[in-house]
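The structure appears below as structure tokens.
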């Protein structure tokens, strides 16, 4: 593709379920963890229970109703309660986070897209999560070489969709440019309608919703909507 007239000063990617496959990690970890902890056999429908509870907790974190510590303390007690499993939920939470720390399963097309964009615009990640964990996963996937910016909530001090997270992004990117960068010159790509799209829209970033499950943008005024990363190459051609 030609990037001679590339419209963005920077492109920011969410990490989980945008360039690294969080869902695949969860499924593998639950299956193996249930075996290692001698719990009832993992069944595919249990992933839905995890997703519903995990997403609800992260939504509460985004609204500043709970802390990250609260989220970790509540996640597997709630999941095991719904699954009627008696186990050491705190120990399983520690196991789960260790497995996630070492997980680096790429989303289909991620490496190809990052390679195609690299050198044609500044690339960055914009992620809610522990800094060491997210950096380790990117390094394990071989992705850190593509990025100039690493905006990760634990280090930034704010989480998406907080406007201050996006303000930090603009400020850092502008320092590398001769003139201040306008918000619309930054493209935010992510799978979350709340943290990525709502946050990006409120900050006046350009936005691209990665709608892997084809659920729709649900009324959000996103600039682009894709169901596979390969579609972004055609959009930006």
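The values are calculated or read from the model by the stated rules, or taken from the named source; none is laboratory data. Every value quoted in this text rests on a predicted model; they were computed, and no experiment measured them. Methodologically, a virtual Cβ is constructed for each residue, glycine included, from the backbone with ideal geometry; neighbour enumeration extends over all protein chains shown.
Structure data summary
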quantity	calculated
Residue match in the range 110-125 (condition: part of a helix (DSSP H, G or I), at pLDDT below 95 and buried (at least 18 other Cβ atoms within 10 Å of the Cβ))	yes
Residue in the range 209-219 that is farthest from residue 11 (Cα to Cα), counting only those that are free of Cβ contacts under 8 Å to residues at least 60 places away in the same chain and surrounded by 16 or more Cβ atoms within 10 Å (Cβ to Cβ)	211
Meets criteria (out of contact with any strand residue (DSSP E or B) (no Cβ under 7 Å at 6 or more places or on another chain), surrounded by fewer than 21 Cβ atoms within 10 Å (Cβ to Cβ) and either modelled with pLDDT under 95 or outside the structural domain of residue 72 (by TED's automatic domain parsing) (or both)) for residue 159	no
In the range 29-69, the residues that are under 18 Å from the mean Cα position of the chain (by Cα), within 24 Å of residue 163 (Cβ to Cβ) and in a helix (DSSP H, G or I)	55, 56, 57, 58, 59, 60, 61, 62, 68
Failed item in (1) touching a helix residue (DSSP H, G or I) at 6+ places or on another chain (Cβ under 7 Å); (2) crowded, with 16+ Cβ neighbours inside 10 Å; (3) under 17 Å from residue 12 (Cβ atoms), with residue 130 passing the rest	(3)
Those residues of the range 205-219 which are in contact with a helix residue (DSSP H, G or I) (Cβ under 9 Å, 6 or more places away or on another chain) and more than 14 Å from residue 17 (Cα to Cα), in sequence order	205, 206, 207, 215, 217, 218
Boolean, residue 59 is outside the structural domain of residue 186 (by TED's automatic domain parsing) and either in contact (Cβ under 8 Å) with a residue 60 or more places away in the chain or loosely packed, with under 13 Cβ neighbours inside 10 Å (or both)	yes
Enumeration of residues in the range 151-183 that are under 25 Å from residue 63 (Cα atoms), touching a helix residue (DSSP H, G or I) at 6+ places or on another chain (Cβ under 6 Å) and assigned to a loop (DSSP other than H, G, I, E, B)	158, 159, 160, 161
